[in-house]
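What follows is a single structure, written as structure tokens, with notes after it.
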């Protein structure tokens, strides 16, 4: 949703939203970065949980799945490791170039 003069990420700056928060002090706004790279990190973290815990388990109840996820998070918190990019920008751009070359003549 675009907001006049505010850009697509400025919905929290509208008068209506500000009034709503004034009427609902029990809610607090938490701002996230406006770039999309943070979302990639979140998606990568969920992929890691899926690969390392969920796909390796057998769950017959939702509570078992919830416990497995909670256990994974507790273990991860004990020894967190930051995500480190291993590909260089040049390698990524070269791969993108090859994909574009391969698909640009696909007849679609």
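Among the candidates 22, 39, 65, single out the residue that is surrounded by 10 or more Cβ atoms within 10 Å (Cβ to Cβ) and at pLDDT 90 or above.
Working: 22 fails: surrounded by 10 or more Cβ atoms within 10 Å (Cβ to Cβ); 39 fails: at pLDDT 90 or above.
Within the list 22, 39, 65, the selection yields 65.
Pull out all pairs, ordered by first then second residue, where Cβ-Cβ is under 6 Å, the residues are six or more apart or on different chains, the first lies in the stretch 41-62 and is without any contact (Cβ under 8 Å) to a residue 12 or more places away in the chain, and the second is surrounded by 12 or more Cβ atoms within 10 Å (Cβ to Cβ).
Cβ pairs passing all conditions: 57/68; 59/65.
What are the pairs, 6+ residues apart or on separate chains, where a residue within the stretch 65-86 that is touching a residue at least 12 places away in the same chain (Cβ under 8 Å) has its Cβ under 6 Å from a residue that is surrounded by 10 or more Cβ atoms within 10 Å (Cβ to Cβ) and not in a helix (DSSP H, G or I)?
68/57
Filter the stretch 55-85 for residues that are within 19 Å of the chain's Cα centre (by Cα) and assigned to a loop (DSSP other than H, G, I, E, B); which is nearest to residue 41 (Cα to Cα)?
Checking each candidate, the answer is 83.
The values are calculated or read from the model by the stated rules, or taken from the named source; none is laboratory data. Keep in mind that what you see is a predicted model, and the values were worked out from it rather than measured. Note: ideal-geometry Cβ built from the backbone for every residue, glycine included; neighbour counts use all protein chains shown.
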